[in-house]
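Below is one structure, written out as structure tokens; the observations come after it.
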Amino acid sequence: QVQLVESGGGLVQAGGSLRLSCAASRSIFNTNAMGWYRQVPGKQRELVARITSTGITRLADSVKGRFTISRDNAKNTVDLQMNSLKPEDPCVYYCRLHDLTTTKIYWGQGTQVTVSS
């Protein structure tokens, strides 16, 4: 079992920046993808950005040019740098780990991001 612990959410003004971090409770030696999803109440959870253990990234069109995802395999962490935050960005952001070998998926508890105008 793997636990994911997120940090870094909070309140920021429109146009500002936040950095989200997610730490896995143990090393994942299998090929995996870590990423960030977000969910607005009443809507489906959607992909924001993901990165594989080999460094291949994928970002949602709505965040390209503003958000950057990175990971540190030695520390089992994944970060999401969010710049130029917009009023449509606030919601709960979830860290996700997908073990591509076992196909197991793990989720963090979520961290709230709020953008003030």
Handout entry: For the chain: relative contact order, % (alpha-carbon pairs under 8 angstrom, 6 or more apart)
Key = 37
Fill in the blank from the handout: Honestly region 9-84 on the Cα gyration tensor test (a ≥ b ≥ c root eigenvalues; a/c under 1.5 rounded, otherwise a/b vs b/c for prolate or oblate) is just prolate
Practice task
Report the equivalent ellipsoid semi-axes for region 51-103 in whole Å, largest first, defined as the square roots of five times the eigenvalues of the gyration tensor built from alpha carbon atoms.
Solution key: 23, 12, 11
Fill in the blank from the handout: The extension gain from S7 to R26, computed as 0.36 nm times the residue separation minus the Cα-Cα distance, is 5.2 nm
Problem - Heavy-atom accessible area order for V78, V5, largest first, 1.4 Å probe - result: V5, V78
Completion exercise
Quick calc, R66 & T101: beta-carbon distance into FRET formula, R0 25 Å, rounding 0.05, result 0.20
Practice task
For the chain, set up a Gaussian network in which alpha carbons nearer than 10 Å are linked by springs, and say which option among T57, T77, T102 fluctuates the most.
Solution key: T102
Fill in the blank from the handout: Measuring from its Cα centre, the chain shows a charge dipole (+1 at each Lys and Arg Cβ, -1 at each Asp and Glu Cβ) which, in debye to the nearest 20, is 120
Practice task
Determine the share of the chain's accessible area contributed by carbon and sulfur atoms, expressed in whole percent, with a 1.4 angstrom probe.
Solution key: 48
Handout entry: Where the chain is the region considered: accessible area per residue in Å², 1.4 Å probe
Key = 54
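The values are calculated or read from the model by the stated rules, or taken from the named source; none is laboratory data. Since this is a predicted model, take the numbers as computed values, not measurements. Please note: Cβ atoms are built from the backbone with ideal geometry, for glycine as well, and neighbour counts cover all protein chains shown. All accessible areas refer to the heavy atoms of the entire protein, side chains included, with ligands and DNA or RNA removed. Shrake-Rupley method; radii C 1.70, N 1.55, O 1.52, S 1.80 Å.
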